[in-house]
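Visitor: Below is the structure I would like to discuss, written out as structure tokens.
The values are calculated or read from the model by the stated rules, or taken from the named source; none is laboratory data. Just so we're clear, the structure is a prediction, and the values are computed from it rather than from any experiment. Heads up, the Cβs are rebuilt from the backbone with ideal geometry, glycines too, and the neighbour counts pull from every protein chain shown. These area figures cover heavy atoms from the full protein model, side chains too; ligands, DNA and RNA do not enter into them. Shrake-Rupley method; radii C 1.70, N 1.55, O 1.52, S 1.80 Å.
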Amino acid sequence: MNMKHETIIIGGSGFIGGHLCVRLNEIGVPALSISRSPNTEFLAVHAPRIRHLGMDDFMQDRDAFLSQAKAVIYLASTSFPASNALTPWLENAENVAPAFELFFKMSTVNPEARLVYISSGGTVYGNSHAQPIPETAPLEPISPYGYGKLATEEAIRFLGRTRGLAYSILRVSNPIGRWQKNSMQGIVNVAWRAIENDKTLTLFDGGRQIRDFVDADDVVEAILIAAGKREIAQGVWNIGSGQATRVIDVIAMIEELAGREIRKSFADSRSVDVAYSVLDCRRAAEDLPWQASTPLWDTLKKVVPPSVASWAKPATAT
């Protein structure tokens, strides 16, 4: 069995993983997508040159696969920002420990490989910010999800100190793109689903939260650059647009694209939600170099569901 793959993607059937597989297929980089439930139909249509394996099959020959990789891109997670609010300790068993074990094994069998870990710029910094947040800001997550991301980062830094693991930690803001399947994650995705299904959209804190929305295709370009950044052995970078947008304002843009108003309900803010999350991405622009290039309006147009596009009126940005 030929196991030579330049890139291994752990969590390749997820939202960002789908975009990444498509891009790797386009540029001809040999890659292996690993997930609990491989989306074989998606890959056959959109990324036919990307090989895929279920997690169980991968684990049977894990060391052999890892020993062949130049880069391991880790996207896997069983949770999302609102998960485990009443059982925060589950983040350790479900997400932190499996990642830590894999990274340790990677540093043992293939010390030349580079790890790219997708962390969360929207949650690891916590709630005490009112201007773009640099990588040097205190790390004070208020959600179990953010805690899990930070704990995994610390595991990576530990392996960097003690075993020389080469890594790029990317703290991604709020990505928007196609193929987002989780109906509980991503306000843009949830809003489009509400329109498609004529459902009520719940907005917490009146939609006043300020977010940094970034195009998923731009995020993928950052991942690929970071995977090849051999001259910087270990680094942490914010990946976002750096632009502040209120949730209620992005909903208004979606309504304009759809040509109809979304039925809304309003609820109090949740304990797991930060009020402000906009990233200072100047370090990524200088080091990688990378910066987001897709305006929010253009990103929103790319993700209009076909069922909505069939009856929505054409809209232009104002």
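Visitor: Between residue 41 and residue 127, with labels modelled 7 Å along Cα→Cβ, what's the label distance in nm to one decimal, could you check?
Guide: It works out to 4.1 nm between the two label points.
Visitor: Can you send over the solvent-accessible area of residue 52, 1.4 Å probe, protein chains only, in Å² to the nearest 10?
Guide: 70 Å²
Visitor: What's the angle, to the nearest 10 degrees (0 to 90), between helix 97-109's Cα axis and the longest principal axis of the chain?
Guide: Helix 97-109 and the main axis of the chain meet at about 40 degrees.
Visitor: Suppose the chain between residue 210 and residue 49 were pulled fully straight at 0.36 nm per residue; how much longer would it get relative to their current alpha carbon spacing?
Guide: Difference between extended and current length: 54.1 nm.
Visitor: If you put +1 on each Lys and Arg Cβ and -1 on each Asp and Glu Cβ, how big is the dipole of the range 56-152 around its Cα centre, in Debye rounded to 20?
Guide: Dipole magnitude for the range 56-152 comes out near 220 debye.
Visitor: Could you work out the helix-only [θ] at 222 nm for the chain, with each DSSP H run of four or more residues adding -39,500 (n - 2.57) and the total divided by the number of residues, to the nearest 500 deg cm²/dmol?
Guide: The per-residue figure over the chain is -11000 deg cm²/dmol.
Visitor: Hey, another quick one. Keeping all protein chains in the complex and leaving out DNA, RNA and ligands, what accessible area do you get for residue 288 with a 1.4 Å probe, in Å² to the nearest 10?
Guide: Roughly 10 Å² of residue 288 is accessible to a 1.4 Å probe.
Visitor: How far is it, in nm, from the label point at residue 57 to the one at residue 158 when both lie 7 Å from their Cα along the line to the Cβ?
Guide: A separation of 3.3 nm, rounded to one decimal place.
Visitor: Taking all protein chains as present, what is the carbon and sulfur share of the accessible area of the range 132-290, in % to the nearest whole number, probe 1.4 Å?
Guide: 49 percent
Visitor: Expressed as a whole percentage, what fraction of the accessible surface of the range 1-82 belongs to carbon and sulfur atoms when a 1.4 Å probe is rolled over the protein heavy atoms?
Guide: 48 percent
Visitor: Where does helix 247-258 land angle-wise versus the long Cα axis of the chain, in degrees 0 to 90, nearest 10?
Guide: With rounding to tens, the tilt is 70 degrees.
Visitor: Another question, if that's okay. Keeping every protein chain in place, order 157, 23 by accessible area at 1.4 Å, biggest value first, i.e. largest first.
Guide: Result of the area sort, largest leading: 23, 157.
Visitor: Taking every eigenvalue of the Cα gyration tensor of the range 119-225, multiplying by 5 and rooting it, what semi-axes result, largest first, whole Å?
Guide: In descending order, the three semi-axes are 29, 17, 13 Å.
Visitor: So which GluC sites (Glu not before Pro) in the range 210-318 pass both tests, a DSSP loop state and at most 15 other Cβ atoms within 10 Å of the Cβ?
Guide: Answer in residue order: 231, 261.
Visitor: Could you work out how far the C-alpha centroid of the range 40-72 sits from that of the range 138-172, in angstrom?
Guide: 24 Å
Visitor: I would also like to ask the following. Under unit Cβ charges (Lys, Arg +1; Asp, Glu -1), what dipole magnitude, rounded to 20 debye, does the chain have relative to its Cα centre?
Guide: For this selection, approximately 260 debye.
Visitor: Separate question: Average projected area of the Cα convex hull of the range 156-198, in nm²?
Guide: Computing the convex hull of the Cα atoms and averaging its projections yields 4.3 nm².
Visitor: For helix 187-197, report the angle its Cα long axis makes with the longest principal axis of the Cα atoms of the chain; keep it between 0 and 90° and round to the nearest 10°.
Guide: 60 degrees
Visitor: So what are the range 1-138's ellipsoid semi-axes, whole angstrom, largest first, if each one is the square root of 5 times an eigenvalue of the alpha-carbon gyration tensor?
Guide: Over the Cα atoms of the range 1-138, the semi-axes work out to 28, 18, 16 Å.
Visitor: State the antiparallel share, in %, of DSSP beta bridges confined to the chain, rounding to the nearest 5.
Guide: Beta bridges within the chain, antiparallel portion: roughly 5 percent.
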